[in-house]
Amino acid sequence: MKYLLKASIKSGYFVILIAIAGFMGFAGLYLYLGPNLPNVDSIREIRLQTPMTVYSNDGELIAEFGDKRRIPVTLDEVPQTFIDALIATEDKRFYEHSGVDFWGVMRAFVNNITTGTRSQGASTITQLVARNVYLNRKKTFTRKFREMFLAWKIESEISKHQILELFINKAHFSHRAYGLGAAAQVYYGKDIQDLALNEVAVLAGIPKGESIYNPISNPSNALARRNHVLGRMLAEGYIDQASFDEATAQPIHSSKHGTDLSVSAPYVAEMVRREMIDRFGREDAYNNGYRIYTTIDNRLQKAAQSALRKSLQEYDKRHGYRGPEQVIENFSEKSLEQKVDILKSLPVITELQPALVTETAEQRAVVLLADGSQHTLDWESMSWAAPFISSSAKGKKPKLAEDILSPGDIIRVKANEDKTYSLSQVPDVSGGFVAVNPSNGAIRALVGGYDFNLNQFNMVTQARRQPGSNIKPFIYSAALEKGYTAASVLNDAPFVKEDITAEDFWRPKNDSGRYKGPTRLRDALRFSNNSISVRLMNAINPSFAEDYLIKLGFPDEYMEPYTSLALGSASFTPLEVATGYAIFANGGYKVLPYFIEKIETPNEDVLFAAEPVQVCKSCEEQLEQRAEVESSEQVIDELTDTPTDNLDTDELMALPRLPIDEDKIAPRVIDERNAYIMNTMMKDVIHRGTAWRTLNNSGSPLLRRNDIGGKTGTTNDAKDAWFSGFNGDIAASAWVGFADYSLALGNGEWGGRAALPVWQKFMEVALAGKPENSMPQPDGIVTARINPVTGKLANSSTEKAIFEIFRTEYVPEKEPENTLTNSPDEEIEDIF
């Protein structure tokens, strides 16, 4: 008994000595590691890296950019089932310990000693927060102790509630999803409040090892981990047996979900991304949670995208079928699953789905889609597909399905409204469309190409193309500035100019190859007459025309003061052209295009708000009044040496000092009477000129409007086709051409056929139900009857006199009495 007592006393001393040694060692570790531990005082203000989000002007999501997808949530928004699952699985004594669970540490220590592994870490949720915020995941004893010390410090700074919220928002769930909010979207496409119990358990199990237990990369591991989480919830009393049985019976059904975008404007999103990186640098732009509101109108953007895609597809079908995208070798030997896998590997391009031809018979074909369904293509849906030879030639019209398709062909099909499918193909041709608000330059819609995923090059802002006849309204406006009128007559005849440097002659021709002799400028513009434009350019001087274009905002480095400038030899982007047409739409004011309305922080603090120049006619009048006042004051001061403040009897001095910021007012660059006359001339293009045939043949409602004007444009060999037009609410430009500058659009593909349909489809939507908005007639405009042949004022004997509008000082002289003239045929002809 005595020996037993002595042994007990000795063992007690031993335990105490072990405890003292452990405490001293622990204290020594703290003294060693403590000075190098991060300061956690700032953990209350810790920044959650959130992606940059881009919105339309009405708050619809356009895009999301960031290294980490994160949707911050408050703990009150988190389902209680997720909190229960997390605590039951990761840290059941979370509310009892002070950051480190010593019972858990001892259990892990014994397990690791007996097994010879590091399979258990005994980390609490607080320690996991310390690791996620301040440390790495490398398994070392030093890191473990640093983690423990940091956990104590964190628990002394913030509450359990805040610790849980921080963990839920910081945890990595794989596939770039950080935090529960993003994980619910990525794996299930749901808000966290809509998660079912089995889905909650899957997500709660991922942080244990995000690459091992996420249900997309490792569904079998995710299933086992989910059932373990549900088992822990059952054991801790958070769920009952029935809930456990129901949840464990569910299969793993997760799939990767992208950001749910409301507006498709990828080219605009890319413009914003580049601008934000230029402003803030990539790291801050991607992770500081900036919210960028653009000028894009959701409804107009959808109309623009649809208009461009449909028109490019129509062009493509006119020029024939280029054959299958690929042909599957040994087609008949492959199983259905193999065929479907091939189709699933191919992307859907816009609305065009990949399809596999499985059978052809007479005038029909059977195709297989990526979802495993089979559909029949009828003859009406594919009879268009004569073989493509070149942009100006097609092969024979097909008579049977086998003339077009063969089993094993991978093709593209388009779904119809009646749930049938039609043969289609991805267009080779490119295009771009942009619409701006003419009162301030805000870009309301922009589509930089057929499909952003195929080609990220933005045809609206990056492609410099020759505008062709689209430039003519600006040349004609320059001529009006020189004193010409809409009734001025020039000779439509062949034009030859010697090019001394090239030892050659330049012979520009009319598109029709025919000439009409003396022609008024109004008719020359509506018929897009080339010889008249060239003669007009020579008359006003190419240098004057270039300076005029520069004044309107066109970049001088992309044009030269040569006669060919009259036919569009410069190189402009569609955005520059649309901004130029906005000047005609708003009555003569130069606006600057912009696409970012404001930039906000995640806390809705405004970092930037656009302050565009605005068209303000009343401001212009007030500024003129102020200039008169200041001029008069200066004269009075010089004559009398009397301070103007004492001249209260002078009515001029009573005019108010106007609080107008001149930097915010769009400057006038075209005289309003000049702009008004050009408006009327471009309305003629729509109703009686080169745009009329296309609009009339389609029965467009635009022909019932009297507030729209525009101009077609086609370059040499039809390499570029344009249409730009406007009313008082919107100015827009459409361009169609091949990215390869050497390729032509083909015979007959003028601006009125290739590009006008894009503008037409858009404007029919944009102006539907809107009242007409025309430029009002300014003062100093008179209407007079003229001789349509000579352009002079009609006399009493003039036959078929017509009305024309003039600036008061430029009314032409009267035709001498008894002058006999023949009136021209006013029928629409030679329209291109």
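Every read-out reported here was derived from the displayed coordinates using simple, explicitly stated rules and does not represent laboratory data. Quantities reported herein were computed from a predicted structural model and do not represent experimental measurements. Quick reminder, even Gly has a Cβ in these numbers, built from the backbone with ideal geometry, and neighbours come from all protein chains shown.
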> Whose amide H sits under 5 Å from the amide H of GLN326, counting only residues 5 or more places off or on another chain, with H placed in the peptide plane?
Replying inline: ILE410
>> Please list, by residue number, every one of the GluC sites (Glu not before Pro) in region 366-435 that is coil in DSSP and has at most 16 other beta-carbon atoms within 10 Å.
In response: GLU417
>> Assuming 0.36 nm per residue, please report the length gained on full extension of the stretch ASP260 to SER618 beyond their Cα-Cα distance.
In response: 124.5 nm
> Hey, rough spin-label estimate for ASP418 and SER571, points 7 angstrom out along Cα→Cβ, what's it come to in nanometres?
Replying inline: 4.9 nm
> Across region 233-250, in residue order, what do the Karplus-derived ³J(HN,Hα) couplings come to in whole Hz, using 6.51 cos²θ - 1.76 cosθ + 1.60 with θ = phi - 60° and x for Gly and Pro?
Replying inline: 5, 5, 5, 8, x, 7, 9, 9, 5, 5, 5, 4, 4, 5, 5, 6, 7, 7
> How many angstrom lie between the C-alpha centres of region 394-464 and region 307-333?
Replying inline: 10 Å
> Which whole-Hz couplings ³J(HN,Hα) result when phi for each residue of region 441-451 is put into the Karplus expression 6.51 cos²θ - 1.76 cosθ + 1.60, θ = phi - 60°, listed in order with x for Gly and Pro?
Replying inline: x, 4, 6, 8, 7, 8, 10, x, x, 5, 8
>> For TRP506, TRP692, which order do you get if you count the other beta carbons within 10 Å of each Cβ and list the fewest first?
In response: TRP506, TRP692
> Can you pull out the trypsin sites (Lys or Arg not before Pro) in region 317-357 that DSSP calls coil and that have at most 16 other Cβ atoms within 10 Å?
Replying inline: ARG322, LYS334
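Give LYS617/LYS770; LYS590/LYS719; LYS190/LYS414; LYS472/LYS509 a once-over and call out the pairs whose C-alpha atoms are over 27 Å from each other.
Working: LYS617/LYS770 23 Å; LYS590/LYS719 29 Å; LYS190/LYS414 29 Å; LYS472/LYS509 15 Å.
Those over the limit are LYS590/LYS719; LYS190/LYS414.
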>> List the residues, sorted by chain then number, that are 5 or more residues from GLU359 or on another chain and whose placed amide H is less than 5 Å from its amide H.
In response: VAL366
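Between LYS190 and ALA249, what FRET efficiency comes out of the Förster formula 1/(1 + (r/R0)^6) with R0 = 25 Å and r the beta carbon distance, rounded to 0.05? Present the calculation step by step, with values, prior to reporting the outcome.
Working: r = 20 Å, r/R0 = 0.80.
Here the calculated transfer efficiency is 0.80.
First select every other residue whose beta carbon is under 10 angstrom from the beta carbon of VAL669; then total the charges, Lys and Arg +1, Asp and Glu -1. Let's see the in-between values first.
Values: positive: LYS551, LYS590, ARG668; negative: ASP671.
The answer is +2.
If you average the sequence gap of Cα pairs under 8 Å that are 6 or more apart and divide by the length of region 322-424, what percent do you get for the contact order?
Details: 194 pairs, mean separation 34.1, N = 103.
Once normalised by length, the contact order is 33 percent.
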